[in-house]
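Got a structure for you, questions after.
The values are calculated or read from the model by the stated rules, or taken from the named source; none is laboratory data. Bear in mind that the values here come from a model prediction, so they are computed numbers and not experimental data. Here the Cβ positions follow ideal geometry from the backbone for every residue, glycine too, while neighbour counts run over all protein chains shown.
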Protein chains: 2
Amino acid sequence: MTSKDFGARDGEVAAELPESYDASLYYIGRIRTPWKHRKDCPKNASESDAICTVEVDPRWQPGLKDTETCSHLVLLYWMNHSQRDLVLQVPSHYGTQHGTFALRSPARPNPIALSVVKLLGIEGGTLSVVGLDCLDGTPLLDIKPYYASTDSVPEAVVGWRKRNEQP
Amino acid sequence: MTSKDFGARDGEVAAELPESYDASLYYIGRIRTPWKHRKDCPKNASESDAICTVEVDPRWQPGLKDTETCSHLVLLYWMNHSQRDLVLQVPSHYGTQHGTFALRSPARPNPIALSVVKLLGIEGGTLSVVGLDCLDGTPLLDIKPYYASTDSVPEAVVGWRKRNEQP
């Protein structure tokens with residue numbers, strides 16, 4: 001994997017990174033997917049029905065109690081190959097410049113990715129899920145129950161994407 | 001604020017924390033809310049219509065380009081007062097023991113909180129939003145556009161909560 005795979009494109013703008021970090025993370029497990037290279041990953045999770053697995057480290061497995069009763073989960077994971085200083089980006093599938101916080105690109109100051117997944121089942125510390133699009137071996141940060149009451153907003157709109165779709 | 005405000009209750013179980021961290025975070029701004037003490041915070045964001053503000057640090061403000069076209073955002077923020085070793089918890093409003101990953105409690109190995117908020121407007125580096133329940137001054141980690149196509153699951157169920165509601 002070369003740095004260019006995860007680097008800046010023309011039209012992209014970087015900020016100067018802060019001199020020090022403010023907080024630290026534990027990897028609590030690993031995500032297993034069929035995708036070994038970035039070019040193989042689906043552009044977003046809705047493009048794939050692949051069943052992926054989430055392996056939770058033994059130390060954290062007791063924390064899974066009752067998680068099997070959730071139909072859907074929010075997974076947070078760490079995009080450990082991502083550039084962290086980009087503030088303006090030109091995603092290749094759009095070809096237009098947008099701010100990092102208007103994008104779901106993995107390149108962001110804190111490269112925490114979020115996916116809503118359907119839970120198929122849990123065996124010991126291993127979850128089977130549908131709805132991921134990340135590389136095999138991606139570090140896991142968190143598992144949360146998905147609450148429709150606060151997390152589901154069917155009418156939400158991302159205006160700049162709508163604009164891009166118009167002729 | 002005493003440690004007891006954020007500590008363990010009877011029936012709670014802790015894991016041994018790993019000896020070292022695996023990755024690090026930048027605080028990219030601060031969240032401003034009306035709540036100065038934990039006891040004042042709403043139990044969840046749907047309990048409050050309060051307009052809160054999100055202040056993005058100047059270095060990252062160019063990353064907000066086009067974010068104003070989003071009706072809803074996902075905010076990630078850092079629950080910096082939380083205990084990180086709990087695997088089984090007894091939330092006071094439920095009174096029953098559940099795994100950390102079946103709960104949205106701020107106490108978790110990586111205390112990253114997630115809220116879906118309605119965006120009212122952006123002025124410079126300050127966003128006005130509805131849908132937060134955290135303490136004033138909470139560190140901001142990320143802002144993402146909310147994509148109804150992948151993030152909205154109106155039919156999602158958290159089984160153990162349903163069970164608790166039954167007579």
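Take B:Pro42 and tell me if it is more than 8 Å from every other protein chain (Cβ to nearest Cβ) and assigned to a loop (DSSP other than H, G, I, E, B).
yes
Looking at this structure, is A:Leu88 facing another protein chain (nearest Cβ under 7 Å), in a strand (DSSP E or B) and within 18 Å of B:Val87 (Cβ to Cβ)?
No: the conditions fail for A:Leu88.
Taking only pairs six or more apart or across chains, which ones have beta-carbon atoms under 8 Å, a first residue in region B:88-112 that is on the phi > 0 side of the Ramachandran plot, and a second residue that is among the β-branched types (Val, Ile, Thr)?
Going by the 8 Å Cβ cut-off, there are no qualifying pairs.
List pairs: first in region B:119-148 and farther than 16 Å from B:Tyr77 by Cα, second part of a strand (DSSP E or B) and hydroxyl-bearing (Ser, Thr, Tyr), Cβ under 7 Å, 6+ apart or cross-chain?
Within 7 Å, the pairs are B:Leu120/B:Ser128; B:Gly121/B:Ser128.
Considering only residues that are among the basic types (Lys, Arg) and farther than 25 Å from A:Lys162 by Cβ, look in region B:99-129 and name the one that is surrounded by the most Cβ atoms within 10 Å (Cβ to Cβ).
B:Arg108
Let me ask you something else. If I filter region A:76-98 down to residues being under 24 Å from B:Ala23 (Cα atoms), in contact with a strand residue (DSSP E or B) (Cβ under 8 Å, 6 or more places away or on another chain) and not polar (S, T, N, Q), which single residue comes out as surrounded by the fewest Cβ atoms within 10 Å (Cβ to Cβ)?
In this case the residue turns out to be A:Asp85.
Continuing with the same structure: So, of the residues in region A:94-109 that are over 15 Å from the mean Cα position of the chain (by Cα) and assigned to a loop (DSSP other than H, G, I, E, B), which turns out to be nearest to the other protein chains (Cβ to nearest Cβ)?
Narrowing region A:94-109 to residues over 15 Å from the mean Cα position of the chain (by Cα): A:94-99.
Still in the running and assigned to a loop (DSSP other than H, G, I, E, B): A:94-97.
Details: A:Tyr94: 11, A:Gly95: 14, A:Thr96: 9, A:Gln97: 8 Å.
Per the stated criteria, the residue is A:Gln97.
Here are the criteria: (1) closer than 12 Å to A:Leu140 by Cα; (2) touching a Lys or Arg at 6+ places or on another chain (Cβ under 7 Å); (3) assigned to a loop (DSSP other than H, G, I, E, B). Tell me which single one A:Asn80 does not satisfy.
(2)
For region B:110-167, please list each of the strands (runs of 3 or more DSSP E) lying entirely inside it that holds at least 1 residues being at the interface with chain A (Cβ under 7 Å from one of its Cβ atoms), in contact with a Lys or Arg (Cβ under 8 Å, 6 or more places away or on another chain) and not acidic (Asp, Glu). Give the derivation first.
Numbers: elements: B:112-123, B:126-130, B:138-145.
Of the strands (runs of 3 or more DSSP E) lying wholly inside region B:110-167, those with at least 1 residues that are at the interface with chain A (Cβ under 7 Å from one of its Cβ atoms), in contact with a Lys or Arg (Cβ under 8 Å, 6 or more places away or on another chain) and not acidic (Asp, Glu) span B:112-123, B:138-145.
So, one more: Somewhere in region A:1-15, is a residue touching a strand residue (DSSP E or B) at 6+ places or on another chain (Cβ under 8 Å), over 30 Å from A:Thr96 (Cβ atoms) and crowded, with 19+ Cβ neighbours inside 10 Å?
no
Then there's this: Before we move on, is A:Val117 at pLDDT 95 or above and within 28 Å of B:Gly29 (Cα to Cα)? Talk me through it step by step, then tell me what you get.
On the way: at pLDDT 95 or above: yes; within 28 Å of B:Gly29 (Cα to Cα): no.
No; evaluated as a whole, the condition is false for this residue.
Do the conditions hold for A:Ser71, that is, is it facing another protein chain (nearest Cβ under 10 Å), closer than 25 Å to B:Asp151 by Cα and at pLDDT below 95?
No.
Does region B:52-70 contain any residue that is outside any helix (DSSP H, G or I) and out of contact with any strand residue (DSSP E or B) (no Cβ under 6 Å at 6 or more places or on another chain)?
No, every residue in region B:52-70 fails to be outside any helix (DSSP H, G or I) and out of contact with any strand residue (DSSP E or B) (no Cβ under 6 Å at 6 or more places or on another chain).
Among (1) surrounded by fewer than 17 Cβ atoms within 10 Å (Cβ to Cβ); (2) farther than 18 Å from A:Gly131 by Cβ; (3) of a type in the set (Gly, Ala, Ser), there is one condition A:Gly63 misses while meeting the rest; what is its number?
Exception for A:Gly63: condition (1).
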